[in-house]
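A quick write-up on the structure given underneath.
Laboratory data are not the source of any read-out in this text; all were calculated from the coordinates shown. Every value quoted in this text rests on a predicted model; they were computed, and no experiment measured them. Backbone-built Cβ (ideal geometry, glycine too); neighbour counts: all protein chains shown.
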Amino acid sequence: MDIFRIEIITAQERNSAITTVKDVIVSVGGWIVSHQLFSNTSASINFEVAYRAVDSMIDKLERLDLHPTIINDCDRDKDGELMGGVALIFIHDEPEMKRDVPPFG
């Protein structure tokens, strides 16, 4: 299975940008496999989508002013699904969110 990766650097509000990316993935028939938030500075979304849906996904992200940069590309004319990842990097003036992490062990 191929891995397709994109990076999006945006000044859009982070929750809105994450929701938009999720909605685009779902709109082209894909699904979210996992996600990770890194304070309020970045997020990582892992997904699966059909090879033939990649161009539509990229086009929709462009039209929504998210301007993805392809980090790891793949063929687009295969049958089946591929694994994908989106790295979202947020540009803002907010201080980094601090959260207490309880000790474990």
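Can you name the residue in segment 1-32 that is assigned to a helix (DSSP H, G or I) and of a type in the set (Ser, Thr, Tyr) and is also nearest to Gly80 (Cα to Cα) among such residues?
Out of the qualifying residues, it is Ser27.
With the condition kept exactly as written, say whether any residue in segment 50-71 is in contact with a Leu (Cβ under 6 Å, 6 or more places away or on another chain) and either charged (D, E, K, R) or surrounded by 13 or more Cβ atoms within 10 Å (Cβ to Cβ) (or both). Explain how you work it out, then say what you get.
Step one: of segment 50-71, the residues in contact with a Leu (Cβ under 6 Å, 6 or more places away or on another chain) are 51, 68.
Still in the list and also either charged (D, E, K, R) or surrounded by 13 or more Cβ atoms within 10 Å (Cβ to Cβ) (or both): 51, 68.
The answer is yes, given that some residue of segment 50-71 is in contact with a Leu (Cβ under 6 Å, 6 or more places away or on another chain) and either charged (D, E, K, R) or surrounded by 13 or more Cβ atoms within 10 Å (Cβ to Cβ) (or both).
For the structure I just gave you, tell me whether Ala53 is in a strand (DSSP E or B) and under 18 Å from Ile3 (Cα atoms).
Details: in a strand (DSSP E or B): no; under 18 Å from Ile3 (Cα atoms): yes.
No, not satisfied.
Only one residue in Ser42, Ser27, Ser16, Ser34 is without any contact (Cβ under 8 Å) to a residue 40 or more places away in the chain and touching a strand residue (DSSP E or B) at 6+ places or on another chain (Cβ under 6 Å). Which one? Don't jump to the end; show me each part of the working.
Working: Ser42 fails: without any contact (Cβ under 8 Å) to a residue 40 or more places away in the chain; Ser27 fails: touching a strand residue (DSSP E or B) at 6+ places or on another chain (Cβ under 6 Å); Ser16 fails: touching a strand residue (DSSP E or B) at 6+ places or on another chain (Cβ under 6 Å).
Among Ser42, Ser27, Ser16, Ser34, only Ser34 is without any contact (Cβ under 8 Å) to a residue 40 or more places away in the chain and touching a strand residue (DSSP E or B) at 6+ places or on another chain (Cβ under 6 Å).
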